[in-house]
């Protein structure tokens with residue numbers, strides 16, 4: 001009871017404060033009585049709750065059917081079923097459906113339409129090809145001339161000044177440009193015309209007069225062996241031009257061609273020419289790098305006679321054309337060729353790069369003065385807007401253009417025809 005001592009003390013304090021007379025054992029009696037009273041109250045509440053729960057269970061209806069009710073329901077269902085059966089009678093069994101196999105239906109096959117053949121791209125004509133390759137030169141010369149005629153209404157001093165600029169930009173050169181302007185003025189005064197429409201036609205006529213020469217075409221049949229000496233500076237496409245020319249002159253085995261590597265200063269030139277000889281099926285003569293070019297030409301001509309060669313094409317050194325020693329070496333090669341084959345070289349072709357513009361005219365003048373060049377091969381016309389240089393070379397040096405290069409293929413080295421060239425250009 002020691003743990004109850006604080007409770008007894010608290011009860012004593014409460015009793016004393018209320019002034020109720022109580023002996024020493026009064027707190028104990030109060031506490032004990034209170035505890036007994038609380039216990040009785042709790043017991044009464046529990047009994048009351050138990051009684052209420054039992055009463056609720058008895059009052060709630062049962063949700064599950066009684067066995068007697070189930071039997072009554074089954075009997076009633078049987079009676080209803082018998083009555084329905086008496087009214088409807090026995091069901092008549094359905095007659096079986098006989099099996100009939102499906103009748104095959106013949107379907108005519110639908111003919112398949114043939115696939116449309118792929119339209120073959122029409123082969124490009126030479127004129128179309130030439131037009132496409134001269135597109136840059138056309139725009140520089142003819143395109144600017146067309147735009148000039150659209151902006152101006154009459155021929156005056158300003159028109160001539162602008163026309164001079166157009167001719168210069170096409171790299172025709174100062175001399176050739178002034179020559180063409182003078183001819184244009186003469187025609188305008190002679191015809192008393194002031195319309196710009198005539199300028200294009202007159203310009204075309206004057207260029208044709210410059211490009212048209214009386215020089216006969218190359219004829220390999222006029223000598224055997226027919227010797228062609230090819231000259232030009234390095235980088236203009238000289239060796240490649242020789243290979244294409246050999247393929248052209250010996251096409252279909254019509255002629256026996258020999259390539260001579262007289263450019264002994266570059267080992268790469270000898271290897272490149274040998275590659276072309278193998279590609280086009282031509283004979284090849286060369287010596288070790290650094291050999292005397294004249295000695296190579298001498299051996300080649302003797303070999304050509306013994307082998308019955310029809311055409312001999314001699315490649316030469318191509319260092320800078322301003323070098324005096326180079327020109328002297330080329331003159332020596334020419335003399336040896338002329339000594340061994342009377343009348344040779346029958347053609348001296350100068351290969352020029354069209355993209356160099358006015359520099360090509362300077363090269364042509366230098367080589368022509370030293371070797372008396374008989375014809376020009378103008379390469380890389382397809383990649384430049386300076387194609388007018390071909391007019392300047394023909395006008396200033398009076399040299400015929402033998403071949404033009406308009407691409408990388410063997411067939412892209414073609415004979416030059418002024419009429420076709422101008423038709424493609426204009």
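The values are calculated or read from the model by the stated rules, or taken from the named source; none is laboratory data. All values derive from a computational prediction rather than experimental measurement. No Cβ is skipped: glycine too gets one built from the backbone with ideal geometry, and neighbour counts run over all protein chains shown.
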For region 121-147, the count of residues that are assigned to a loop (DSSP other than H, G, I, E, B) and under 20 Å from residue 419 (Cα atoms) equals 3
Looking at the structure I just gave you, is residue 153 loosely packed, with under 13 Cβ neighbours inside 10 Å, more than 22 Å from residue 382 (Cα to Cα) and touching a residue at least 12 places away in the same chain (Cβ under 8 Å)?
yes
Okay, helices (runs of 4 or more DSSP H) sitting entirely in region 344-426 with 1 or more residues that are in contact (Cβ under 8 Å) with a residue 12 or more places away in the chain, over 22 Å from residue 217 (Cβ atoms) and in contact with a strand residue (DSSP E or B) (Cβ under 7 Å, 6 or more places away or on another chain), I get 358-371
Inside region 300-312, the number of residues satisfying the requirement of being surrounded by 16 or more Cβ atoms within 10 Å (Cβ to Cβ) and free of Cβ contacts under 8 Å to residues at least 24 places away in the same chain is 0
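This table checks each residue for (1) free of Cβ contacts under 8 Å to residues at least 60 places away in the same chain; (2) within 18 Å of residue 404 (Cα to Cα); (3) not assigned by TED's automatic domain parsing to the domain that holds residue 269.
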{"site": "182", "(1), (2), (3)": "yes, no, yes"}
{"site": "196", "(1), (2), (3)": "yes, no, yes"}
{"site": "201", "(1), (2), (3)": "yes, no, yes"}
{"site": "204", "(1), (2), (3)": "no, no, yes"}
{"site": "229", "(1), (2), (3)": "no, yes, no"}
{"site": "244", "(1), (2), (3)": "no, yes, no"}
{"site": "254", "(1), (2), (3)": "yes, no, no"}
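Rundown of residues vs (1) assigned to a loop (DSSP other than H, G, I, E, B); (2) out of contact with any helix residue (DSSP H, G or I) (no Cβ under 6 Å at 6 or more places or on another chain); (3) closer than 26 Å to residue 369 by Cα, yes/no style:
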{"position": "149", "(1), (2), (3)": "no, yes, no"}
{"position": "172", "(1), (2), (3)": "yes, no, yes"}
{"position": "178", "(1), (2), (3)": "no, yes, yes"}
{"position": "186", "(1), (2), (3)": "no, yes, no"}
{"position": "202", "(1), (2), (3)": "no, no, no"}
{"position": "207", "(1), (2), (3)": "no, no, yes"}
{"position": "221", "(1), (2), (3)": "no, yes, no"}
{"position": "242", "(1), (2), (3)": "no, yes, yes"}
Only one of 248, 190 is in contact with a strand residue (DSSP E or B) (Cβ under 7 Å, 6 or more places away or on another chain) and outside any loop (DSSP other than H, G, I, E, B), namely 248
Across region 368-420, the tally of residues that are closer than 18 Å to residue 141 by Cα, modelled with pLDDT of 85 or more and surrounded by fewer than 18 Cβ atoms within 10 Å (Cβ to Cβ) stands at 2
Of (1) at positive phi; (2) free of Cβ contacts under 8 Å to residues at least 40 places away in the same chain, residue 329 satisfies every one except (1)
